[in-house]
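What follows is a set of notes on a single structure, which appears directly below.
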Amino acid sequence: MTKTGQNHLDSLRDGRSVFLDGKLVGDVVDHPAYRNAIRSTAKLYDFQAAPENEELMTFVTPTGARVNRSWHLPESYDELVQRRKAIEAWAEQTNGFLGRSPDHVASSLCGMMMRPDLFEAHGEKRAKAFADYFAYVRDNDQFVTYVVVGPQADRSKGVSQQADEFLTAGICDEDSQGITVKGAKMLGTSCILANEVLLGTIQPMKPGDEQYAFSAAVPIGTKGVKLLSRKSYEASAVSGFDNPLSSQFDENDAVVYFDEVKIPWDRVFVHRDPAMCYAQYHETPAHVFHNYQAQIRLMVKLRFLVGVARKVAETTNVIAYPQVVESLGSLAGQAALIEGMVHGMEAKGTWVGKYYVPDRHLMYASQVQAQKMYPEVIQAIRQMTGGGVIMMPSSVVDFSSDETAGYIEKTQQSPVSNSKDRVKLFKLAWDAIGSEFGSRHVQYEMFYSGAQFAVRNHSFRTYDWEKATDMVDRFLSTYDLSE
């Protein structure tokens, strides 16, 4: 049976330890800080379970389970495109604002599964543990998220050189039953909404870091797993009308602290091996696959933001101004660039064994553009809205007050819409570009794929420099001093 929203809601009532404002939250499903975002996630599963979406959104696994297409390992260009269409359809349900939706880490795990030989070289037992885990989370359509970097602390020092031995999650004990992990990991985006968390390290480590060089997975409700939630923007939302995005799609982020968490060996995939921790992401298609998913989501999000910009220009009747047309044309070009890159990754895809995967360099090139582009898009919409997004009624209550309703009608005018619809649009625009929720999304899009220098290094590493420099050498060979 295809997983539904109710299935997901029920699965989150697992006794997980989430802390907010100094207190243990209890049942997150109905807590005002998380309940709407959790239900937005549940709606994704309801969308895939709808009979009319079954073919678009799901496929049947080798074991007979019907699950989301993000778990599919494509064996052709057509299958990759079919998979992308499902990811795109899910992103459209949240306008791209659910940054780490269930298809993100599912994509990462799919990429790892395409290189079983790497895990087998690391150890037969670890390879079997990963293959069995993949089959379990796939067939149960689990929402898996991950934490793959340590707390910042002293960034001039490596993970094993910090003052606190267990600042970053490390192995503090192990026996015949498994490993015991102590310490923290970041960034636990969507952990509060998810079923499982994958612990790993996506950054390079060196000899001496073996204590921290492991990869494993645990259910979020496991004893000792503590989620230290950031401030909830959902809890601060006045209403759906006043905060239409933050009231629904605040996926939350958390520091995840592992308080001597026992992890059985059948959930340990890499053990005390810095090189394998890195290879798990970068020598498999994992890093490409989960960032390809993120670029699909960003493609949808930019499409939505460009639509907001166009609606603002129409509402304020500046759509014919040459400078506004220029700005909208620029925004349209930026959105189309990411969409074109997504299609290019697919068309220029390569084979990893029998699997067809997106082109690695075009994916990194798209990330280079996206990190610079997203703040520019937000700034352009800020310019277009001007003071209009600031001079809004204080809340939806103003519309029902005899004291203020008439003044709103007089001051919130538009030649193409009534006062309510104008305010509704501008409240949406502000939630996307200027609220605390919107500002978090700027930071998220700038850094979710890594620091800018790291993303550009990936682009440098994967570009076909030989092809480029051979062109130069060929031309240089056609002339000399005598010519």
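The values are calculated or read from the model by the stated rules, or taken from the named source; none is laboratory data. Please read these numbers as outputs of a predicted model, since none were measured by experiment. Cβ atoms come from the backbone with ideal geometry, glycine included; neighbour counts cover every protein chain shown.
VAL137 passes every criterion in (1) within 30 Å of VAL306 (Cβ to Cβ); (2) outside any strand (DSSP E or B) apart from (1). Counting only strands (runs of 3 or more DSSP E) that sit wholly inside the range 151-227, those with at least 1 residues that are assigned by TED's automatic domain parsing to the domain that holds VAL28 and in contact with a Cys (Cβ under 7 Å, 6 or more places away or on another chain) are 178-185, 196-199, 214-219.
Listed here are the residues, each with its yes/no results for (1) under 19 Å from TYR292 (Cα atoms); (2) touching a residue at least 12 places away in the same chain (Cβ under 8 Å).
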{"position": "LEU425", "(1), (2)": "no, yes"}
{"position": "GLY434", "(1), (2)": "no, yes"}
{"position": "GLU445", "(1), (2)": "yes, yes"}
{"position": "SER459", "(1), (2)": "yes, yes"}
{"position": "ASP464", "(1), (2)": "no, yes"}
{"position": "ALA468", "(1), (2)": "no, no"}
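Filtering GLY333, GLY329, GLY344, GLY340 for residues that are farther than 30 Å from VAL288 by Cβ, part of a helix (DSSP H, G or I) and not aromatic (Phe, Trp, Tyr) leaves a single hit, GLY329. The number of residues in the range 27-43 that are closer than 15 Å to ASN243 by Cα and in a loop (DSSP other than H, G, I, E, B) comes to 3. Just one residue in the set PRO32, PRO74, PRO51 is at pLDDT 95 or above and in contact with a Phe, Trp or Tyr (Cβ under 7 Å, 6 or more places away or on another chain); that residue is PRO74.
Inside the range 431-455, residues that are over 24 Å from GLY96 (Cα atoms) and touching a helix residue (DSSP H, G or I) at 6+ places or on another chain (Cβ under 7 Å) make up a count of 0. Considered as a group, the residues in the range 59-98 that are under 18 Å from ALA135 (Cβ atoms), without any contact (Cβ under 8 Å) to a residue 60 or more places away in the chain and out of contact with any His (no Cβ under 9 Å at 6 or more places or on another chain) include one that is surrounded by the most Cβ atoms within 10 Å (Cβ to Cβ), and that residue is ARG69. Only one of the numbered conditions (1) of a type outside the set (A, V, I, L, M, F, W, C); (2) in the same structural domain as HIS290 (by TED's automatic domain parsing); (3) more than 30 Å from PRO204 (Cα to Cα) is not met by TYR448, and that is (3). A Cβ distance below 8 Å, combined with a sequence gap of six or more or placement on separate chains, defines the contacts here; from the range 269-282, residues that are at negative phi and assigned to a strand (DSSP E or B) reach residues that are among the charged types (D, E, K, R) and modelled with pLDDT of 95 or more in the pairs PHE269/ARG126; VAL270/ARG126; HIS271/ARG126.
Taken together, the residues in the range 183-212 that are of a type in the set (A, V, I, L, M), modelled with pLDDT of 95 or more and touching a helix residue (DSSP H, G or I) at 6+ places or on another chain (Cβ under 7 Å) amount to 4.
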